[in-house]
Amino acid sequence: MAATDAITSPRPRWEHAPGAALLCLGAGLVGGILTNLSQGWLPGAWNNLANSGAVWTMLAFAAGAALANRTDDHRVPAAAGALAEIGLVVGYYGYAEFGRDGLGSLTFPLLWLALACVAGPLFGIAGAWSRRGTQPWRRHVALGALGGLFGSEGLHYWLGLGYAPQAVACGALACGLPLLLGRTWKERGLSLAVAAPASFLTYQILYGFLNAVSG
């Protein structure tokens with residue numbers, strides 16, 4: 001029995017899953033309220049961070065990274081990322097409804113809720129990969145995808161809206177996050193190499209979809 005246990009893959013540790021799920025959802029709710037409150041607090045071009053989908057997605061990434069060492073099952077960070085993103089949407093629009101003048105049409109809350117159910121799991125897994133990728137390419141993809149998300153937002157500000165300062169702020173984060181989170185210079189360089197095409201691809205897909213829906 002001891003020999004069998006020694007070679008058996010470790011089972012996912014689920015005993016703290018309900019508490020972790022509630023924590024991710026609660027963090028999302030608080031984050032959504034804070035982003036609603038903080039609009040207008042940040043100076044200059046950095047004010048866009050208070051109303052940024054990329055910043056929201058960082059919470060899903062962080063949730064996945066925090067749970068990376070608890071299990072090898074991708075469903076755990078995926079669920080954590082989804083709950084964090086859903087909490088953000090509910091917190092943001094819930095405060096708009098009860099703390100401001102009302103959220104108005106349900107179109108955008110439902111749209112962002114649908115996007116949360118896609119981006120949350122993906123970036124929850126990316127966060128787990130960034131901490132515990134079993135293969136180096138997974139860390140490069142995870143960090144590059146995070147940088148690419150800010151890069152796509154920068155392209156939107158630059159090409160779609162003509163807001164150069166906001167585009168520069170997003171570009172700084174697109175480059176800075178892979179550099180900050182990378183462990184070696186090789187990893188940082190390869191992550192930036194992923195972030196560049198990811199920025200253009202995400203811009204084409206995400207903002208093409210949002211323009212089609214809002215148009």
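Would you kindly give the portion of the calculated P(r) for the chain that falls above 31 Å, as a percent of all Cα pairs?
The proportion of pairs with Cα distances above 31 Å equals 22 percent.
Explain nothing, just the number: relative contact order of the range 49-192, from Cα pairs under 8 Å at least 6 residues apart, as a whole percent.
Rounded, it is 24 percent for the range 49-192.
Here, each number is a calculation from the coordinates, and none is a lab measurement. Only a predicted model underlies this, so the values are computations on that prediction, with no experimental measurement involved.
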